[in-house]
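Comments concern the structure below.
The values are calculated or read from the model by the stated rules, or taken from the named source; none is laboratory data. Keep in mind that what you see is a predicted model, and the values were worked out from it rather than measured. Glycine gets a Cβ as well: all are built from the backbone with ideal geometry, and neighbour counts include every protein chain shown. For the accessible areas, the whole protein counts, side chains as well, though only heavy atoms, and no ligand, DNA or RNA atoms are used. Shrake-Rupley method; radii C 1.70, N 1.55, O 1.52, S 1.80 Å.
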Amino acid sequence: MTIKDVARRAGVSPSTVSRVIADHPRISPNTKERVRLVMAELGYYPNAIARSLVNQTSSSIGVIRSRLTQGDFANPFFPAVIQGISSIAHRYGLHLVLSTSSSFTQEDEECLNLLRQRRVDGVILLASHRQDQLIPRLTEEGYPFVLIGRHEGPEAINWVNNDNVADAKAAVEYLLGKGHRRIACLDGDPRYVVSADRLRGYELALAEEGLPWDQRLVEHSEFSVDGGYQATLRLLEKGGQFTAIFAVDDLIAIGAMRALQERGFTVGEDVAVVGFNNTILGAYVQPALTSVHVPIYELGQIAVQMLTAQIYGSGTFPDQQMLQAELVVRSSA
């Protein structure tokens, strides 16, 4: 079947069929529906490769995450944000290309190759890291991209994020309001901006309360249950006394709860624990985890809308959007 067969059956011109396939706004909804019904009846499927050669687009967007491992897939943040991305990409008829790599340098090259080879029309970066080299290169070469997170560099870029400094500060202030004065922090990988921002929020909350900085109460961790477990054991070995733990990710917090319980502490009574992201796992552990709720699904949705506006002119969206987070209080703190 060809476009001409569809056009003949639908009583329209071949160019109208092409415009329906491209979802052209000037084609009436009734005509679009009639042509699409004929396409389905005849079993006609547009040739995506031919369309990409004509339109100079791939109808694909890249999703970039460095050092993505099996453990990262276990973190509910990534399935949730990718589901948000997929929901809008599907609406626009776009395919997703997931790019993972073992190092930041490899991530940079693979991302640029995707764009240079026109395998994707633009990319969504799922994280930014300190001294990021990819974002300046994307900006310099003029490729469309959106960052989910914050960029430390001077480049004016498109991003969607929550205020990790303010949100972490509010979580620690909640613990301070409960009377805790010895609050430990389980931070993430220090190479990532999100880890630095959430640690900064912790520092600001203590400073405003007039509490001294105690290095014995801070440990870095992988974003995993085992990472939080091992980091908590290191906290206990250092001998710094604490009555509460602020963890920058729910999986880290759950690992901390496991370590505390194995050492005989009652979470929520002897030691309060607060996590971050309010992923589905936190509501089902015992005790249920108090956590900062981040609208993860919406982050993914907005990122795609911002990117398609850049690439295809599909609507107008702000260059930057900051989403609201809130603390969900449960039994752990």
Original post:
What do you reckon, is residue 190 within 14 Å of residue 248 (Cα to Cα) and open to solvent by 60 Å² or more (accessible area, probe 1.4 Å)?
Top reply: yes
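Could you tell me whether residue 265 is in contact with a Leu (Cβ under 8 Å, 6 or more places away or on another chain) and either of a type in the set (Asp, Glu) or part of a loop (DSSP other than H, G, I, E, B) (or both)?
Numbers: in contact with a Leu (Cβ under 8 Å, 6 or more places away or on another chain): no; either of a type in the set (Asp, Glu) or part of a loop (DSSP other than H, G, I, E, B) (or both): yes.
It is false that residue 265 is in contact with a Leu (Cβ under 8 Å, 6 or more places away or on another chain) and either of a type in the set (Asp, Glu) or part of a loop (DSSP other than H, G, I, E, B) (or both).
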Original post:
Quick check: is even one residue across segment 256-271 surrounded by fewer than 18 Cβ atoms within 10 Å (Cβ to Cβ), touching a helix residue (DSSP H, G or I) at 6+ places or on another chain (Cβ under 7 Å) and within 23 Å of residue 76 (Cβ to Cβ)?
Top reply: yes
Original post:
Could you list, in sequence order, the residues of segment 136-163 that are open to solvent by 30 Å² or more (accessible area, probe 1.4 Å), within 22 Å of residue 81 (Cα to Cα) and not in a loop (DSSP other than H, G, I, E, B)?
Top reply: 159
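Looking for something open to solvent by 70 Å² or more (accessible area, probe 1.4 Å), in contact with a His (Cβ under 8 Å, 6 or more places away or on another chain), in contact (Cβ under 8 Å) with a residue 24 or more places away in the chain and not polar (S, T, N, Q) - is there at least one such residue anywhere in segment 274-284?
Of the residues in segment 274-284, the ones open to solvent by 70 Å² or more (accessible area, probe 1.4 Å) are 280-281, 284.
Then drop every residue that is not in contact with a His (Cβ under 8 Å, 6 or more places away or on another chain), which leaves none.
Taking every residue of segment 274-284 in turn, none turns out to be open to solvent by 70 Å² or more (accessible area, probe 1.4 Å), in contact with a His (Cβ under 8 Å, 6 or more places away or on another chain), in contact (Cβ under 8 Å) with a residue 24 or more places away in the chain and not polar (S, T, N, Q).
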**OP:** Collect the residues in segment 1-12 that are at pLDDT 90 or above, open to solvent by 50 Å² or more (accessible area, probe 1.4 Å) and in a loop (DSSP other than H, G, I, E, B), keeping them in residue-number order.
**Re:** 11
Original post:
From the residues in segment 290-324 that are part of a strand (DSSP E or B) and open to solvent by less than 60 Å² (accessible area, probe 1.4 Å), which one is nearest to residue 155 (Cα to Cα)?
Top reply: 321
Original post:
List, please: which pairs have Cβ atoms under 9 Å, are six or more places apart or on different chains, and start with a residue in segment 17-36 that is of a type in the set (A, V, I, L, M) and crowded, with 16+ Cβ neighbours inside 10 Å and end with one that is at pLDDT 85 or above and not in a helix (DSSP H, G or I)?
Top reply: 20/12; 20/27; 35/12; 35/27
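For segment 164-213, how many residues meet the condition of being part of a helix (DSSP H, G or I) and farther than 30 Å from residue 104 by Cα?
Step one: of segment 164-213, the residues part of a helix (DSSP H, G or I) are 164-177, 193-208.
Filter once more, so that each one left must be farther than 30 Å from residue 104 by Cα: 170-177, 205-208.
Here the count works out to 12.
Taking the condition within 15 Å of residue 174 (Cα to Cα) and open to solvent by 10 Å² or more (accessible area, probe 1.4 Å), does residue 203 pass?
For residue 203, the condition - within 15 Å of residue 174 (Cα to Cα) and open to solvent by 10 Å² or more (accessible area, probe 1.4 Å) - is met.
Here are 233, 327: which of them is open to solvent by less than 40 Å² (accessible area, probe 1.4 Å) and touching a residue at least 12 places away in the same chain (Cβ under 8 Å)? First the steps, then the outcome.
Numbers: 327 fails: open to solvent by less than 40 Å² (accessible area, probe 1.4 Å).
Going through 233, 327 in turn, the sole match is 233.
Step by step: first the residues of segment 94-112, then only those that are open to solvent by 50 Å² or more (accessible area, probe 1.4 Å) and not in a helix (DSSP H, G or I), then the one that is nearest to residue 130 (Cα to Cα). Which residue is that? Let's see the steps before the verdict.
Our first condition is that a residue be open to solvent by 50 Å² or more (accessible area, probe 1.4 Å); within segment 94-112, this holds for 95-96, 98, 100, 102, 105-106, 109-110.
Imposing the further condition that a residue be not in a helix (DSSP H, G or I) reduces the set to 95-96, 98, 100, 102.
Details: 95: 30, 96: 26, 98: 22, 100: 18, 102: 17 Å.
So the residue we want is 102.
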Subject >> In segment 211-229, the residues that are closer than 16 Å to residue 197 by Cα and open to solvent by less than 40 Å² (accessible area, probe 1.4 Å) >> reply: 218, 219, 221
